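One structure is given below, encoded as C-alpha cells.
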C-alpha cells in the first residue's frame, strides 16, 4: 500500500478564489463497507472533512496539496447520484441559482437531507460543512459556501 492509503481517483477541475485553476484527479478514500458504487467517499464528504488540505494529482503526474479555504469550486463529470433507498424519504431536491465572485452564475439541483421543520434552502446553507453540491448538465459543482456572493432558491 502506498503512503496515500487506498483511494479512488475522480477527474476534477479545481478553481481557486484568485483565478487559478487546475485539472487533475481527486483522491477519495476507499471504504469497502461504504454503500455507494465504487466503495469510496464522495467528493462532498472529502471536502467537508476537517482536514485543511486535499491532494490533487495534476495531469502531468505531480501532486498538489490544495488548501480547501482557497477553493472556489470543484467540477466533476458526474450527474445526480442514484438515490439511496434508505434515505430517499429524508431527502428533498431544491433548484438553486448560485452567483459567485466575478459574476459566474450556476443553476442546478441540491439535495437537502434535513430534519422535519428545517428543510428550507436557508437551513441547508447554514448547516454543517463548508461545501455544498450543485448538480446540472451531467456534472457536479462542489462550491465553497464561504465564497458565494448570492444564492436564490428557484422552487
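Suppose R0 equals 25 Å. What FRET efficiency, 1/(1 + (r/R0)^6) with r the Cβ-Cβ distance, do residue 21 and residue 97 give to the nearest 0.05?
Computed FRET efficiency for residue 21 and residue 97: 0.65.
If I model a spin label as a point 7 Å beyond the Cα along the Cα-Cβ vector, how far apart are those points for residue 63 and residue 8 in nm?
For residue 63 paired with residue 8, the spin-label model returns 2.0 nm.
Taking neighbour Cβ counts within 10 Å as the exposure measure, how do 27, 147, 139 sort from fewest upward? Don't jump to the answer; show the numbers that get you there.
On the way: 27 21, 147 17, 139 14.
Exposure proxy ranking, most exposed first: 139, 147, 27.
When the chain is fully extended, how far beyond the present Cα-Cα distance does residue 119 get from residue 45, taking 0.36 nm per residue of separation? Walk me through the intermediate numbers first.
On the way: separation 74, 0.36 × 74 = 26.64 nm, distance 2.02 nm.
Net length gain for the segment: 24.6 nm.
Which FRET efficiency value, to the nearest 0.05, do you get for residue 149 and residue 30 by plugging their Cβ-Cβ distance into 1/(1 + (r/R0)^6) with R0 = 25 Å?
On the way: r = 36 Å, r/R0 = 1.43.
Between residue 149 and residue 30 the formula returns 0.10.
Just so you know, all these numbers are worked out from the coordinates, no wet-lab data involved. What you see is a predicted model, and the numbers here were worked out from it, not measured in a lab. Neighbour counts are summed over all protein chains in view; Cβ atoms, including those assigned to glycine, are modelled from backbone coordinates with ideal geometry.
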